[in-house]
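The values are calculated or read from the model by the stated rules, or taken from the named source; none is laboratory data. Treat the numbers as computed from the prediction; the structure is a model and nothing was measured. All Cβ positions, even for glycine, are placed from backbone atoms using ideal geometry, and neighbour counts span all protein chains on display. Remember, those area values only see protein heavy atoms, side chains included, never the ligands or the DNA or RNA. Shrake-Rupley method; radii C 1.70, N 1.55, O 1.52, S 1.80 Å.
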Amino acid sequence: MFGRQERLEFTGEETTRKSRRWLWISAVAILVVGALAFFMMSGSKPAEPKGAAAGKAAPGGAGQTQMPTVTVAVPGRQTVQTIISGTGTLAARREMPVGVAGEGGVVTRVLVEPGSWVGKGQVLAVVDRSVQAQTAESLAASVRVAQAEARLAQAELDRAHKLVANGFISKADIDRRTATRDQAQARVRVAQAQLSETQARNRRLDIRAPEAGLVLTRQVEPGQIVSAGSGVLFRMAMGGQMELRAQLAEADLQKLRPGARAEVIPTGTTRVFTGEVWQVSPVIDPQTRQGIARVALAYDPALRPGGFASARVVAGGVTAVMLPQSAVQSDNDGNFVYILDDKNQAARRGVTTGDVTEAGVAITSGLSGSERVVLTAGAFLNPGQKVIPNLQKSK
C-alpha cells in the first residue's frame with residue numbers, strides 16, 4: 001500500500017508540472033499573437049500624405065505649393081541674319097586655256113612652272129624658228145631692193161621735171177617716169193607687208209600668256225612637237241582670281257543676291273576666307289534640284305582649284321522675336337506659345353514661325369516682343385492655369 005501511494009504522489013506531482021508548463025507556453029503564444037495583431041493593425045493604417053501634413057502645419061498654404069514654377073522672359077525684337085550653308089568646289093574664276101596660236105614646231109624651252117605669275121603677252125614656251133627666221137631675212141632683203149628701185153625711179157622723175165622746161169623731153173616721158181616711180185613704191189609696200197606678215201607668224205610661234213595671271217597647269221616639255229591640234233598646253237587663272245562654286249538648294253538660291261557676303265573654309269584647314277557672291281545660277285539641275293552660287297575669292301596659296309570647301313553665306317537679315325525651341329508648341333491648330341497675363345495666368349497665343357537658326361526660332365507674327373513668354377514647361381500648362389513666374393533676363 002505504501003509503495004502504491006508513493007507512486008500516486010509522484011504521478012500527481014509530474015502531472016502538476018506538465019500542467020504548469022502548458023500554461024506558460026499558452027501564455028507566451030497568446031502574447032505573440034497579440035503582438036502580431038497589434039503590429040498588423042498599426043501597419044494597415046493609411047499614412048497621411050506629406051502634402052496634407054504640410055497643409056495642416058501651414059493653414060491656407062496648400063494652394064500655393066500646388067502651382068508650378070515656369071521660366072519666362074520678355075524677348076523683345078532683334079535683327080537676325082539669314083545664314084545659308086553649302087559646299088562646293090574651288091576653281092579659277094576665269095580659267096584661260098593656252099595652246100598653239102601659230103603653225104607650231106619643236107618646243108625648245110619652257111619658261112614657266114605651275115604657280116608662276118606672268119604678265120600679259122609674256123612668253124611661256126619657245127618654239128624653234130630657224131627656218132622661219134631665214135624666210136624673214138629673205139623678205140627683209142626684198143624690201144631693201146624695192147626701196148632702192150623706188151629711190152632710183154624718184155630720182156629719174158626729178159631730173160625729167162628739170163629737162164621738160166627746156167624742151168629736151170616731152171610731157172609723155174614725164175608721165176611714164178611718174179608711173180615707174182609709183183610702181184616702185186608699190187613694190188616696196190608689198191615687200192614690207194610680206195615681211196610684217198612673216199614676222200607676225202614668227203612671233204606667234206612662241207606660246208604667250210593672253211592675260212596676266214597665275215599658271216595653274218603645264219602640259220608641254222622641251223623637244224615636244226606642237227601644232228594647232230595639240231590642245232591645251234597651259235591653264236591659267238586670269239588675275240589669280242579664285243571662286244567657290246557652291247551647290248545650294250533651289251529654295252536657298254531664291255534668297256541669294258549678288259554681293260552677299262560669304263565665309264569659305266577649305267577642307268583640311270580651319271582658315272576662313274572672306275568673299276562675296278558674284279553670280280547666282282539662273283538654271284536649276286532638274287535631277288538634283290540644286291543650283292550654283294559662285295563666290296569670288298582673292299588669291300591665296302591655300303585656295304587650290306579642284307579642292308573641296310564649305311561656305312556660309314549671309315543672305316540678309318530680319319527683325320523678329322527670337323525664342324528658344326522649347327518655348328514653341330505645336331498641335332492640330334498650329335504653332336503657339338504660352339504667355340502670362342497680369343494675374344500670372346497662362347494664355348495661349350498662336351504664332352507664325354520663320355527660320356530656325358542657332359539663335360532660336362524666329363517668330364514672324366503673333367508676338368510684339370513685350371509679352372512675358374513661357375520658355376519652359378509650356379507642354380504641361382493649360383490655358384487659364386496660374387503659375388509662379390521665374391523671370392529670365394534677356395541676353
Ratio of Rg to Rh over the range 220-319 (Cα coordinates, Kirkwood Rh, two decimals): 1.11
Computed FRET value (nearest 0.05) for residue 154 with residue 219, which takes r as the C-beta separation and R₀ as 56 Å: 0.55
Of the listed peptides 334-340, 195-201, what is their order by residue-averaged count of other C-beta atoms within 10 Å, with the highest listed first? 334-340, 195-201
If you stretched the chain out fully between residue 300 and residue 123, how much longer would it get, using 0.36 nm times the residue separation minus the C-alpha to C-alpha distance? 61.3 nm
Please give the contour-minus-distance gain from residue 347 to residue 368: 0.36 nm per residue of separation, less the Cα-Cα distance, rounded to one decimal in nm. 6.0 nm
Please sort by residue number the trypsin sites (Lys or Arg not before Pro) in the range 205-313 whose DSSP state is loop and whose Cβ has at most 13 other Cβ atoms within 10 Å. 271, 289
Where Rh is the Kirkwood radius over the Cα pairs of the range 172-251, the temperature 10 °C and the viscosity 1.306 mPa s, what D in µm²/s does Stokes-Einstein return? 87 µm²/s
Please work out the FRET efficiency for the pair residue 332 and residue 386, using the Cβ-Cβ distance as r and a Förster radius of 35 Å; give the result to the nearest 0.05. 0.85
Inter-label distance, nm, simple model (7 Å from Cα along the C-beta direction), residue 376/residue 145: 10.4 nm
Using a 7 Å offset from the Cα along the Cα-to-Cβ direction at both residue 103 and residue 175, what is the distance between the two label points in nm, to one decimal? 4.4 nm
The answer for the per residue Cα convex hull volume of the range 294-363, in Å³, is 166 Å³
Per residue, in Å², the accessible surface of the range 228-383 once ligands and nucleic acids are set aside, probe 1.4 Å: 52 Å²
